[in-house]
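Each remark here refers to the structure printed beneath this line.
The values are calculated or read from the model by the stated rules, or taken from the named source; none is laboratory data. If you're wondering where the values come from, they're calculated on a predicted model, not measured in any experiment. Cβ placement follows ideal geometry from the backbone for every residue including glycine, while neighbour counts extend to all protein chains displayed. Accessible surface is based on the protein model in full, side chains and every heavy atom, while ligands, DNA and RNA are left aside. Shrake-Rupley method; radii C 1.70, N 1.55, O 1.52, S 1.80 Å.
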Amino acid sequence: MSQNNVLKGVFLVALGATTYGMLATFVKMAYTEGYTTAEVTTSQFVLGIIGILLINTFQKLKHKDNVVKATPKNIFSLMLAGTSLGMTSLFYYLAVKYIPVSIGIVLLMQTVWIGVLLEMILEKKLPSRQKVFSVFIVLIGTVLATNILHNEIELDWRGLVWGMLAAASFTTTMFTANRVATEISSAQRSLYMLFGGAIIVFSFALATQVTPFNLAIFAKWGIVLALFGTIIPPMLMNLGFPLTGIGLGSIVSALELPVSVTMAYVLLNEEVILSQWIGIILIILAIVIMNVNFKRKNS
């Protein structure tokens, strides 16, 4: 029975990572149709909030009095944590505006070593040799995956900066999401974090949208972006991670990287050479090494 639960968790996390891996390609396709970053993010968060609200309403009707209600402190903490969620979306979407999706996702995966650095600062202790080795592999993989050694490839520095900022904010989201108000349902937590992210996204839209807001984005791309960005992945991962555990879940969620690159290759015709695939494999290998326990248990 336990093994079945683990397999179920692996399936849920894999499906969540796969759907999120498709997201940047859809954003890039929306850009080619003339939509702005403000329009893309606003439509995603508005429809995402509506979707999560419906899920919360369904859960309340189904479970009635068994649903643990969020306290004002829970709501404030989750909204504060959610601001990093909004910044991740903004920074990531701005990054793929200037650089290929296949490069943007590699930059986002720098959360591997940023997370180790943040953990070292917060816990005030040096990382294990296993983690240091993993970081070293990630850095080598990044050099190959971004193809920066190829003289003919010139990456826009704006995309690189936005990509690294996305990785930093995504690391913050991951650290806070599993530590704040864990006693309430994942649907409630997702909702209040989306509210916090929406404050960032809407503020950005008000500050940058100089042309009339194109409402067609809601029907054309908003539903897809909300489903693949703010509804399906967090719900599936919140259901799957408790069944797989953090280690196995992190390994499975690395599927996001090859899926994103493959989608960009197939739908956007982005060139991905052999050395980039080797770099991607190295990054996935580093995630596996970081989360596998190599210590043998004493019999």
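Overview of results
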{"read-out": "Set of aspartates and glutamates with alpha-carbon distance to K97 below 18 Å, sequence-local pairs under 8 removed", "value": "E33, E39, E154, D156, E270, E271"}
{"read-out": "Full-extension gain in nm, W157 to F136, via 0.36 nm per residue minus C-alpha separation", "value": "5.2 nm"}
{"read-out": "Of the DSSP H helices in the chain, those whose Cα atoms cover at least 24 Å axially and whose Kyte score averages -0.5 or more", "value": "2-32, 37-63, 72-98, 157-177, 186-208, 274-291"}
{"read-out": "Violating pairs (Cα-Cα greater than 28 angstrom) within the set K60/K220; K8/K62; K8/K60", "value": "K60/K220"}
{"read-out": "Cα pair distances of segment 140-243 binned at 5 Å [whole percent]", "value": "2, 8, 12, 18, 16, 15, 13, 10, 3, 1, 0"}
{"read-out": "Of L274, L61, L108, the one that fluctuates the most in a GNM where the chain has Cα springs shorter than 10 Å", "value": "L61"}
{"read-out": "Residue-averaged 222 nm ellipticity for the chain, from DSSP H runs of 4+ at -39500 (n - 2.57), nearest 500", "value": "-25000 deg cm²/dmol"}
{"read-out": "Protection proxy ranking, peptides 182-190, 86-94, average beta carbon neighbours within 10 Å, highest first", "value": "86-94, 182-190"}
{"read-out": "The chain - percent of accessible surface contributed by carbon and sulfur, probe 1.4 Å", "value": "68"}
{"read-out": "Charge sum, other residues only, whose C-beta stays under 15 Å from L107's C-beta, Lys/Arg counted +1 and Asp/Glu -1", "value": "0"}
{"read-out": "Partners for K69 among aspartates and glutamates (Cα-Cα distance below 18 Å; same-chain residues under 8 apart left out)", "value": "E183"}
{"read-out": "Cα centroid of segment 94-145 to Cα centroid of segment 16-79, whole Å", "value": "26"}
{"read-out": "Relative packing of peptides 10-18, 116-124, 28-36 - highest average C-beta neighbours within 10 Å first", "value": "10-18, 28-36, 116-124"}
{"read-out": "Distance (nanometres) between label positions extended 7 Å along Cα→Cβ at V210 and L239", "value": "4.5"}
{"read-out": "Residues of the chain: accessible area per residue with a 1.4 Å probe, Å²", "value": "52"}
